[in-house]
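As structure tokens, the structure follows; a few thoughts come after it.
The values are calculated or read from the model by the stated rules, or taken from the named source; none is laboratory data. Because the structure is predicted, anything quoted here is derived from the model rather than measured. Note: ideal-geometry Cβ built from the backbone for every residue, glycine included; neighbour counts use all protein chains shown. Areas reflect the complete protein model, heavy atoms only, side chains present, ligands, DNA and RNA absent. Shrake-Rupley method; radii C 1.70, N 1.55, O 1.52, S 1.80 Å.
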Amino acid sequence: MSPCDSDPECCVAGVDGCRAGWIGLSRCGKAPAQSWLEPTATALVATLRALRPKPRLVLIDIPIGLPALGRRGCDQQARERLAQRRSSVFPAPIRPMLAADTWEQACLIGAELEGRRLSRQAWNITARVREVDGLLQHQPALRGWLREVHPELSFQAMAGAPLDHAKKTAAGRQQRLELIAAAFGAHAFADLRSGYRRGAVADDDLLDAFAALWSAERLARGEALVLPAMPEW
């Protein structure tokens, strides 16, 4: 039985990183989504855990679970499913790279251990990966409650096909706004958008948080696709 089978007011949350830290959205049943902005993942998780009712689960757009060597199957399968949007998924760093202070150091670690450098895109989120990894290491009770999501897969599931345009283009933004409006209501995005400066929370950050929330609701109902079908550890 899924967490929300017997509770039409079941609460869940979706989280994405942003310039100011982390933006989280929570919703209970069909009520309007609420938003929370915190500078660290630890602070945002504490905020979400303190909500009453507490979200049954939280999906966050960050790699969770890193291999000592090699590539994650979830990243490879996500790239295959996304087709022309596959570049939005880049290989997660291997665990030893979390000790690096610079991109160059991370590349040296990768080259020495497996003959592979780390992409600039992956390095740009490594500090956030390290932050969430540390949170889950120190609070093992959060494992299973805080789970990984990739918003571009969520948008593809909403649309029923890979989106034609990248999210940072005007056409891509419009496509995603229309999908969010269909799922959460015509004014849902604008109502929350007005609460944050764009220098703190960009449009695509908020859109991705909505996508994470949408997938959290699906996962709570037992309807979400999980990649791979047998999750890696």
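Determine whether ASP191 is of a type in the set (Asp, Glu), open to solvent by less than 70 Å² (accessible area, probe 1.4 Å), part of a helix (DSSP H, G or I) and at pLDDT 95 or above.
On the way: of a type in the set (Asp, Glu): yes; open to solvent by less than 70 Å² (accessible area, probe 1.4 Å): no; part of a helix (DSSP H, G or I): yes; at pLDDT 95 or above: yes.
Taking the combined requirement at face value, the residue does not satisfy it.
Step by step: first the residues of the stretch 118-167, then only those that are basic (Lys, Arg) and without any contact (Cβ under 8 Å) to a residue 24 or more places away in the chain, then the one that is nearest to CYS18 (Cα to Cα). Which residue is that? Give the derivation first.
Filtering the stretch 118-167 down to residues basic (Lys, Arg) leaves 120, 128, 130, 143, 147, 167.
Of the ones still in play, those that are also without any contact (Cβ under 8 Å) to a residue 24 or more places away in the chain are 120, 143.
Numbers: ARG120: 18, ARG143: 22 Å.
For the stretch 118-167, the residue satisfying everything is ARG120.
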Report yes if some residue within the stretch 37-56 is assigned to a loop (DSSP other than H, G, I, E, B), open to solvent by less than 10 Å² (accessible area, probe 1.4 Å), at pLDDT 95 or above and of a type outside the set (Lys, Arg); otherwise report no. yes
Pairs, first outside any helix (DSSP H, G or I) in the stretch 92-112, second among the hydroxyl-bearing types (Ser, Thr, Tyr), C-beta under 6 Å, six or more apart: PRO93/THR126
Look through the stretch 95-117, keep the residues that are open to solvent by 60 Å² or more (accessible area, probe 1.4 Å) and within 25 Å of the chain's Cα centre (by Cα), and return whichever of them is farthest from GLY17 (Cα to Cα). ARG117
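Taking the condition aliphatic (A, V, I, L, M), farther than 24 Å from LEU153 by Cβ and open to solvent by 60 Å² or more (accessible area, probe 1.4 Å), does ALA141 pass? Even if it seems obvious, please write down each step before you answer.
Details: aliphatic (A, V, I, L, M): yes; farther than 24 Å from LEU153 by Cβ: yes; open to solvent by 60 Å² or more (accessible area, probe 1.4 Å): yes.
Yes, satisfied.
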Taking the stretch 149-177, which residues are polar (S, T, N, Q) and open to solvent by less than 40 Å² (accessible area, probe 1.4 Å)? SER154, GLN156
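Only one of these is more than 17 Å from the chain's Cα centre (by Cα) and open to solvent by 60 Å² or more (accessible area, probe 1.4 Å): GLN76, GLN84. Name it. Spell out the reasoning first.
Values: GLN76 fails: more than 17 Å from the chain's Cα centre (by Cα).
Every option except GLN84 fails the conditions.
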Name the one entry in ILE94, ILE64 that is of a type in the set (Val, Ile, Thr) and within 30 Å of CYS28 (Cβ to Cβ). ILE64
Please state which of the following conditions ALA212 fails to meet, knowing it meets all the rest: (1) modelled with pLDDT of 95 or more; (2) outside any helix (DSSP H, G or I). (2)
What number of residues within the stretch 124-163 are acidic (Asp, Glu) and under 18 Å from GLU232 (Cβ atoms)? 2
Can you tell me which of (1) open to solvent by less than 20 Å² (accessible area, probe 1.4 Å); (2) modelled with pLDDT under 95 is the one PRO67 doesn't meet? (1)
Here are the criteria: (1) under 19 Å from ARG27 (Cα atoms); (2) touching a Cys at 6+ places or on another chain (Cβ under 6 Å); (3) not in a helix (DSSP H, G or I). Tell me which single one LEU227 does not satisfy. (1)
